[in-house]
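Everything on this sheet refers to the single structure shown next.
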Amino acid sequence: MSAIEIIRTEAADTIMDIPVVVVGGGGTGLCAALAVRDAGIDVLVVERDRQPLGTTSMSTGLIPAAGSAIQHAAGVEDTPELFASDIVGKTKGEVDSELVTHLAEASAATIDWLAGKHKLGLSLVEGFTYPGHSVRRMHGMPSRSGGELMGALSSACEDAGVDIFTESTVDKLYVNNDDRIIAVGCTRPDGSEDTIGCEALILACCGFAGNQDMVSELIPELEHATFHGHPGNKGHAIAWGRDLGAAMADLSSYQGHAGLAAGYGIPILWPLIAEGGIQVNRAGKRFANEASGYSEQAVEVLQQEGHVAWSIYDAARHEIMEQFDDYQQAKSAGCLITANTLEELAEKAGIDAAGLIETVEQTWTLVDSEERDQFGRSFAGKVKLSAPFYAVKVTGALFHTQGGLEVDEHARVLRADRSPFPNLYAGGGAARGISGPGADGYLAGNGLMTATTLGRLAGEHAAQVITQR
């Protein structure tokens, strides 16, 4: 990784000057660029890879929103107030409630904008409700994949006239004495450098999950976690923020995942757990409340022998999972184990048969009694697991960090005294999220909701300020 620098100067020798520069071509960056172009302002996205991908491309591409036109069409009643309440509840109140309220209120407008103006083929995920969400509010592309979402955003950017400068890493910010960003310095793979002037800068350059030194410093509990994210997560925004004196918060917050297929690197998504599946260790025993959330469950899995566990489910849950592209990849890769009896499943998986049988029988009893188990989980209203059975060996993973630069309602980066920088914005992994200080506050889709909505808000505000000037 090239050196990250802040260069204090009143002028920079630039090869070109663009009203708005966006650092990073993931979901945040492309949404920001689309919003700038909607206002008729020129924008340049600088992307380190050969094509825009980012963390978004490795996700399910599901964006929660409250009160969207898609929800209304499906007869789903939802409000920003209910959404905000779900977010605050998941974090146990340890979150910026004003920002949560603002983003929840803006979430439907983001979905309507993407689906309406920019023709993304978003639809509501049917068949189940993600843990922590009161209603169905997950919006995604047909394959339920982040890759398809990024493809659609890239096509929309091409149609809108967004310029994307690929294979170029921003590693320098030129800042004047008023803390105004006047230019960025970019390095290409061959070592050549370009300096590009700008009137506004939007940081959409991921978090720091791929920077092992930062992870060890800020999230030591994930020492044995597998990093499953975009390699651009190197912490550039955090490093710049420290040098600039920006306010930062929740740097110990992250999205983990307790369902990364061990040895395959394919996420086994959480609907199978939410709908009554379980996780067991090598002894065939459950060890936590899996339904509390896939992020906090990652640490529980990492504490088991060999840092692995097995997700156990059946044909009914298998059918629910068929709609997800990741699951189709898991099927093709051969990491799904299936059997007609629990004894056979345990033998194939390499786990204790007696322990697994006893554990599944306990869940059957809990379905009938509707009582909560020793971990606080309820199986009330769920269908009992039945043959044929399925298992997947999984490990705990770090997907992306959720802490970062503090921003206001326009996605402007804040100084330590809470005043905004003149022309610096941030979103996605570069900005503080809405998941509180740890893993247990992550509500499914929080990352993409803040990425797309903060991206849109940053682009709109930057374009508005430039237009007024």
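The values are calculated or read from the model by the stated rules, or taken from the named source; none is laboratory data. From a predicted model like this one, the values you see are computed outputs, not experimental measurements. As a convention, Cβ positions derive from the backbone with ideal geometry for all residues, glycine included, and neighbour counts pool all protein chains shown. Surface accessibility is based on the protein's heavy atoms, side chains included, excluding ligands, DNA and RNA. Shrake-Rupley method; radii C 1.70, N 1.55, O 1.52, S 1.80 Å.
Please work out if Ile202 is closer than 19 Å to Ala411 by Cβ, assigned to a helix (DSSP H, G or I) and open to solvent by less than 40 Å² (accessible area, probe 1.4 Å). Answer is no for this residue. Of all the residues in segment 338-360, those that are more than 14 Å from Arg282 (Cβ to Cβ) and either among the β-branched types (Val, Ile, Thr) or at pLDDT below 95 (or both) number 4.
From the list Ala430, Ala380, which one is at pLDDT 95 or above and open to solvent by less than 10 Å² (accessible area, probe 1.4 Å)? Reasoning before the result, please.
Working: Ala380 fails: open to solvent by less than 10 Å² (accessible area, probe 1.4 Å).
After applying the criteria, what remains is Ala430.
Going through (1) open to solvent by less than 10 Å² (accessible area, probe 1.4 Å); (2) within 26 Å of His400 (Cβ to Cβ) one by one, Gly306 falls short only on (1). The residues in segment 32-52 that are of a type outside the set (Gly, Ala, Ser), open to solvent by 30 Å² or more (accessible area, probe 1.4 Å) and more than 20 Å from the chain's Cα centre (by Cα) can be counted, and the count is 4.
Every condition in (1) more than 24 Å from Gly396 (Cα to Cα); (2) outside any helix (DSSP H, G or I); (3) open to solvent by less than 10 Å² (accessible area, probe 1.4 Å) holds for Thr453 except the one numbered (2). For Ile182, the conditions (1) within 22 Å of the chain's Cα centre (by Cα); (2) open to solvent by 20 Å² or more (accessible area, probe 1.4 Å); (3) over 26 Å from Met141 (Cα atoms); (4) of a type in the set (A, V, I, L, M, F, W, C) all hold with the exception of (1). Quick one: would you say Leu53 is aliphatic (A, V, I, L, M) and either over 17 Å from Lys117 (Cα atoms) or part of a strand (DSSP E or B) (or both)? Against the criterion (aliphatic (A, V, I, L, M) and either over 17 Å from Lys117 (Cα atoms) or part of a strand (DSSP E or B) (or both)), Leu53 qualifies. None of Ile87, Ile15, Ile63, Ile111 is touching a residue at least 24 places away in the same chain (Cβ under 8 Å), open to solvent by 20 Å² or more (accessible area, probe 1.4 Å) and not acidic (Asp, Glu) except Ile15.
Only one of Leu269, Leu218, Leu222, Leu244 is touching a helix residue (DSSP H, G or I) at 6+ places or on another chain (Cβ under 7 Å) and open to solvent by 10 Å² or more (accessible area, probe 1.4 Å); which? Step through it out loud before you land on a result.
Numbers: Leu218 fails: touching a helix residue (DSSP H, G or I) at 6+ places or on another chain (Cβ under 7 Å); Leu222 fails: open to solvent by 10 Å² or more (accessible area, probe 1.4 Å); Leu244 fails: touching a helix residue (DSSP H, G or I) at 6+ places or on another chain (Cβ under 7 Å).
So the residue among Leu269, Leu218, Leu222, Leu244 that is touching a helix residue (DSSP H, G or I) at 6+ places or on another chain (Cβ under 7 Å) and open to solvent by 10 Å² or more (accessible area, probe 1.4 Å) is Leu269.
Determine whether Leu272 is in a strand (DSSP E or B), in contact (Cβ under 8 Å) with a residue 40 or more places away in the chain and under 20 Å from the mean Cα position of the chain (by Cα). No, not satisfied.
Only residues that are of a type outside the set (A, V, I, L, M, F, W, C) and either touching a strand residue (DSSP E or B) at 6+ places or on another chain (Cβ under 6 Å) or open to solvent by 10 Å² or more (accessible area, probe 1.4 Å) (or both) were counted across segment 436-446, and they come to 5.
The condition (being assigned to a helix (DSSP H, G or I) and either among the acidic types (Asp, Glu) or at pLDDT 95 or above (or both)) is satisfied by just one residue among Ile70, Ile41: Ile70. All of Thr401, Thr363 fail the test of being among the β-branched types (Val, Ile, Thr) and either more than 22 Å from Gly284 (Cα to Cα) or open to solvent by 10 Å² or more (accessible area, probe 1.4 Å) (or both), apart from Thr401. Checked against the criteria, Ile164 counts as under 26 Å from the mean Cα position of the chain (by Cα), closer than 24 Å to Ala411 by Cα, touching a residue at least 60 places away in the same chain (Cβ under 8 Å) and in a strand (DSSP E or B).
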